[in-house]
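The structure that follows is given in the form of structure tokens.
The values are calculated or read from the model by the stated rules, or taken from the named source; none is laboratory data. In this text, all values refer to a predicted model and were calculated from it rather than measured experimentally. Quick reminder, even Gly has a Cβ in these numbers, built from the backbone with ideal geometry, and neighbours come from all protein chains shown.
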Amino acid sequence: MEPATNSLYEIRIRPDQSWLNPDIRGLIEYRDLLVMLVRRDFVLKFKQTVLGPAWYLLQPLLTTVVFTIVFNQVARLPTDGLPPTLFYLGGITIWNFFLQNLNSTSNTLLNNESLYGKVYFPRLIVPLAITCNHLVTFAIQLTTLIVFIIFFKLRGSHFDAHPIAALLLTPCLLAQTAALSLALGLSLSCFTVKYRDLTQLVGFLLQIWMYATPVIYPASRFPEHLRWIMYLNPVGPIVENFRGLFLGVSSVTPLQTVTSVALTSVLFLIGLALFRRTERTFVDLI
Amino acid sequence: MSTPIIEVNDLSKRYRLGVFNARSAKEDFESFLRRLKLRAGYKEPPVRKTGDLWALRNLNFTVNPGEVIGIIGGNGAGKSTLLKILSRITEPTSGEAILRGRVGSLLEVGTGFHPDLTGRENIFLNATILGMRKEATRRCFGDIVEFAEVEEFIDTPVRRYSSGMRVRLAFAVAAFLEPEILIVDEVLAVGDESFQRKCIGKMSDVAKHGRTILFVSHDLAAVQHLCERAIGLRKGQMFAEGKPAHVIGEYLAALERDKSTLDEVDEYSGQGPRIVSLAISQGPGTVENLLMAGRPAHFAFELRGSVPTAGLTLEIYNDSGVLVSRLSSRNSELEVLSSELVLTCVMEQLLLAPGRYRLAVGVYVHDAQQRYYENIATIEVKSGTSNNRLLESDGAPALVELPHAWEAEHLCPQESIPV
């Protein structure tokens with residue numbers, strides 16, 4: 001059976017291709033691979049660890065307990081009038097997604113040398129698979145949050161949840177967070193492939209970043225002269241808005257949100273362009 | 001004439017060596033440490049030189065649908081770079097390549113295999129990575145498992161497989177890829193004899209079905225057997241094209257003309273005496289790197305900058321990396337009287353079994369190693385003749401060919417033996 005040479009199918013391999021083109025067609029063509037990679041990572045998580053699936057729930061809960069004790073009880077940081085558990089859990093849920101996605105994607109090119117160097121597929125598939133993975137983790141942790149909210153509501157706590165708004169706007173918030181963490185992760189991976197010790201620097205910076213984000217304290221605590229942080233740090237408005245949707249209290253201004261979205265978009269374009277440019281020849285570096 | 005399925009126009013690829021390693025305080029400190037280690041006689045990995053390396057230079061050729069093309073050339077000829085560009089793993093520096101069919105690349109067996117996943121899971125994963133659709137994989141699943149002969153273990157994690165099973169499984173997946181263009185890079189060098197034959201058989205099957213195959217190999221016999229056309233590359237340029245026999249002939253003839261240029265080989269920037277050339281000979285008419293077992297052999301090293309206490313150690317490794325012999329000039333009563341000389345290792349009989357060997361040389365001054373040439377030359381040893389009859393090697397891997405003769409002593413009176 002002769003395979004027909006599709007006369008319409010032609011690929012020209014040459015230098016200087018456009019940077020900004022995300023090759024959507026390629027991504028769709030390789031969608032099977034995307035699904036397979038996501039599935040593989042989940043299967044491995046279950047197979048390789050004893051705690052595996054339980055860790056998704058344990059980690060945010062344990063962190064919440066620690067935060068409550070340390071920051072609320074000992075350091076006496078306020079929580080905008082909300083029950084501390086909910087305050088911290090809410091912040092952690094969205095921050096975790098951002099943090100882990102950024103961490104994982106920032107090593108993409110470095111960690112997948114063996115794959116990228118031997119076979120062609122759109123390089124973006126791997127970071128996208130990672131992001132999908134983290135989205136599923138987020139979904140699980142969000143469910144936990146909702147369970148806690150219901151629990152607290154039933155016990156009579158006073159706070160405004162906006163379930164409908166939450167339902168509609170969480171996907172947007174999520175998309176923005178994904179775009180932001182992916183953008184930064186893609187950009188960083190272009191550098192970590194050359195300078196491996198950057199990976200440690202990234203871990204360190206992320207720890208500091210958490211302190212600049214209203215995760216362990218509400219944004220209302222920012223003194224006047226430090227309000228600019230909410231403009232410069234795109235994650236700040238994201239976290240506040242998230243808590244606002246689910247717990248009813250946030251002190252982020254519309255301008256801050258808009259700035260955050262604008263910053264995310266710019267960073268995303270930069271990250272995409274940088275990655276597309278590096279992916280074509282980074283194999284020569286390894 | 002149909003449109004070519006592959007067109008390579010003026011394709012060039014340049015690698016920049018050393019440039020991307022930014023000089024930093026860390027690097028300087030490291031080279032300082034390296035110098036200290038040198039003095040203590042440690043062996044060090046080569047230091048990269050800076051500069052440009054043109055792996056491919058203005059390459060031009062076309063491939064028509066259904067052709068099976070072999071690509072041959074020595075190390076560093078540009079074969080792997082060409083395959084990487086055609087597989088879209090890296091980009092050319094200039095020129096272009098046009099592909100008019102889907103490409104399936106086999107540059108390594110088992111890409112993406114994960115030890116904790118079962119054989120079944122890995123088949124799907126590997127197939128998808130290589131570009132197969134899920135439907136196609138499901139359809140061929142049974143055939144793949146059968147080809148790999150792993151039916152009983154298909155649902156155990158791959159980490160429990162023997163290395164042979166892993167290789168068979170990986171190749172089986174790749175064998176059932178259905179691209180229009182198949183690019184294969186030396187992967188047939190894995191696995192045992194019977195499996196290799198199976199793979200070659202499968203490849204010629206695939207070829208008969210009209211797929212285009214680009215086949216890179218050091219195994220000139222396989223190229224001759226499978227390919228209808230061949231391309232010879234040297235230093236990034238094509239030196240011959242046409243029937244495999246013709247290209248192979250040109251390639252071997254060129255080996256004879258070339259002397260190994262040691263500037264490229266000398267990646268280790270040390271101090272002390274330098275080897276500037278190596279001449280390997282078995283008498284007049286030697287094709288330089290093709291030697292006969294059992295015959296005398298000379299390895300002549302030309303040295304510059306030598307000192308009275310200098311010595312050479314010649315190491316011979318077989319292609320499994322086993323050190324077959326280490327021959328040191330320091331054990332002989334040599335007197336080095338000038339700084340430029342030729343040190344020759346003279347063997348009355350080259351006792352190596354047929355196969356490919358890598359030669360490495362260490363240069364010593366006063367028992368401390370100054371330089372190390374990890375891969376100064378590779379030689380191919382063929383069965384020698386004894387009493388003018390060609391000896392056949394029966395294919396079993398051996399290290400040496402010991403000088404011997406067979407004798408018969410009859411234990412009962414001579415009688416006619418029933419045949």
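Please find, within segment B:378-396, the residue that is modelled with the highest pLDDT out of those that are outside any strand (DSSP E or B) and surrounded by fewer than 12 Cβ atoms within 10 Å (Cβ to Cβ).
Keep residues of segment B:378-396 that are outside any strand (DSSP E or B), which gives B:383-384, B:387-388, B:391-396.
Narrowing the set further to residues that are surrounded by fewer than 12 Cβ atoms within 10 Å (Cβ to Cβ) leaves B:387-388, B:392, B:394-396.
Details: B:Asn387: 44, B:Asn388: 39, B:Glu392: 47, B:Asp394: 50, B:Gly395: 51, B:Ala396: 54.
Among residues in segment B:378-396 that are outside any strand (DSSP E or B) and surrounded by fewer than 12 Cβ atoms within 10 Å (Cβ to Cβ), the one modelled with the highest pLDDT is B:Ala396.
Mind checking which residues of segment A:265-286 are β-branched (Val, Ile, Thr), under 19 Å from the mean Cα position of the chain (by Cα) and under 15 Å from A:Leu188 (Cα atoms)?
Here is the first cut: in segment A:265-286, the residues β-branched (Val, Ile, Thr) are A:266, A:270, A:278, A:281, A:283, A:286.
With the extra rule that they be under 19 Å from the mean Cα position of the chain (by Cα), the set shrinks to A:266, A:270.
Selection gives A:Ile270 alone.
Among the residues that make up segment A:77-98, is at least one of them more than 21 Å from A:Ala175 (Cβ to Cβ), aromatic (Phe, Trp, Tyr) and in contact with a Ser or Thr (Cβ under 7 Å, 6 or more places away or on another chain)?
Checked against the condition, which is being more than 21 Å from A:Ala175 (Cβ to Cβ), aromatic (Phe, Trp, Tyr) and in contact with a Ser or Thr (Cβ under 7 Å, 6 or more places away or on another chain), segment A:77-98 yields at least one hit.
Since B:Ala221 meets every condition but one in (1) of a type outside the set (Lys, Arg); (2) closer than 23 Å to A:Lys118 by Cα; (3) without any contact (Cβ under 8 Å) to a residue 40 or more places away in the chain, which condition does it not meet?
(2)
Output the number of residues of segment A:125-160 satisfying the condition of being within 14 Å of chain B (Cβ to nearest Cβ) and either assigned to a loop (DSSP other than H, G, I, E, B) or acidic (Asp, Glu) (or both).
Pass one, segment A:125-160, residues within 14 Å of chain B (Cβ to nearest Cβ): A:125-126, A:129.
So of that shortlist, the ones also either assigned to a loop (DSSP other than H, G, I, E, B) or acidic (Asp, Glu) (or both) come out as none.
Total meeting the criteria: 0.
If you don't mind, another one. Of the residues that make up segment A:112-121, is at least one surrounded by 18 or more Cβ atoms within 10 Å (Cβ to Cβ) and assigned to a helix (DSSP H, G or I)? Write out each step before concluding.
Start the filter on segment A:112-121 by keeping residues that are surrounded by 18 or more Cβ atoms within 10 Å (Cβ to Cβ), which leaves A:116, A:118-121.
Adding the requirement that they be assigned to a helix (DSSP H, G or I) leaves A:116.
Yes; the residues of segment A:112-121 include at least one that is surrounded by 18 or more Cβ atoms within 10 Å (Cβ to Cβ) and assigned to a helix (DSSP H, G or I).
All but one of (1) facing chain A (nearest Cβ under 7 Å); (2) modelled with pLDDT of 90 or more hold for B:Phe141; state the number of the condition that does not hold.
Of (1) facing chain A (nearest Cβ under 7 Å); (2) modelled with pLDDT of 90 or more, only one is false for B:Phe141: (1).
Check segment A:246-264 and report whether any residue there is within 30 Å of A:Ile69 (Cβ to Cβ), part of a helix (DSSP H, G or I) and without any contact (Cβ under 8 Å) to a residue 12 or more places away in the chain.
No: segment A:246-264 contains no residue that is within 30 Å of A:Ile69 (Cβ to Cβ), part of a helix (DSSP H, G or I) and without any contact (Cβ under 8 Å) to a residue 12 or more places away in the chain.
Now a separate question. So the check is Cβ under 8 Å with 6+ separation or different chains; which pairs have a first residue in segment A:85-97 that's buried (at least 23 other Cβ atoms within 10 Å of the Cβ) and a second one that's of a type in the set (Asp, Glu) and outside any helix (DSSP H, G or I)?
A:Phe87/A:Asp80
Among the residues of segment B:142-179, which ones are among the acidic types (Asp, Glu) and within 17 Å of B:Lys202 (Cβ to Cβ)?
Scanning segment B:142-179 gives B:Asp143, B:Glu146, B:Glu149, B:Glu178.
Right, another one. Determine, yes or no, whether B:Arg257 is modelled with pLDDT of 85 or more and charged (D, E, K, R).
When the stated conditions are applied, B:Arg257 does not pass them.
Another one. If you scan segment B:333-348, which residues turn out to be surrounded by 11 or more Cβ atoms within 10 Å (Cβ to Cβ) and either at pLDDT below 85 or part of a loop (DSSP other than H, G, I, E, B) (or both)?
B:Leu334, B:Val336, B:Ser339, B:Glu340 - these are the residues of segment B:333-348 that are surrounded by 11 or more Cβ atoms within 10 Å (Cβ to Cβ) and either at pLDDT below 85 or part of a loop (DSSP other than H, G, I, E, B) (or both).
Among the residues of segment B:159-202, count how many are modelled with pLDDT of 80 or more, part of a loop (DSSP other than H, G, I, E, B) and away from chain A (no Cβ under 14 Å).
2
Hey, another quick one. Restricting segment A:28-74 to residues that are under 21 Å from A:Phe138 (Cβ atoms) and not in a helix (DSSP H, G or I), which is farthest from the other protein chains (Cβ to nearest Cβ)?
Among those that are under 21 Å from A:Phe138 (Cβ atoms) and not in a helix (DSSP H, G or I), it is A:Leu51.
While we're on this one: Among (1) away from chain A (no Cβ under 14 Å); (2) in contact (Cβ under 8 Å) with a residue 60 or more places away in the chain, which single condition is B:Gly210 missing?
(1)
Same structure again: What's the number of the only condition in (1) at pLDDT below 90; (2) crowded, with 16+ Cβ neighbours inside 10 Å; (3) closer than 29 Å to A:Ile150 by Cα that A:Phe222 fails to meet?
(3)
Shifting gears a bit: Against the definition (surrounded by fewer than 13 Cβ atoms within 10 Å (Cβ to Cβ) and either over 24 Å from B:Leu130 (Cβ atoms) or facing another protein chain (nearest Cβ under 7 Å) (or both)), how does A:Arg25 come out, yes or no?
Working: surrounded by fewer than 13 Cβ atoms within 10 Å (Cβ to Cβ): yes; either over 24 Å from B:Leu130 (Cβ atoms) or facing another protein chain (nearest Cβ under 7 Å) (or both): no.
Taking the combined requirement at face value, the residue does not satisfy it.
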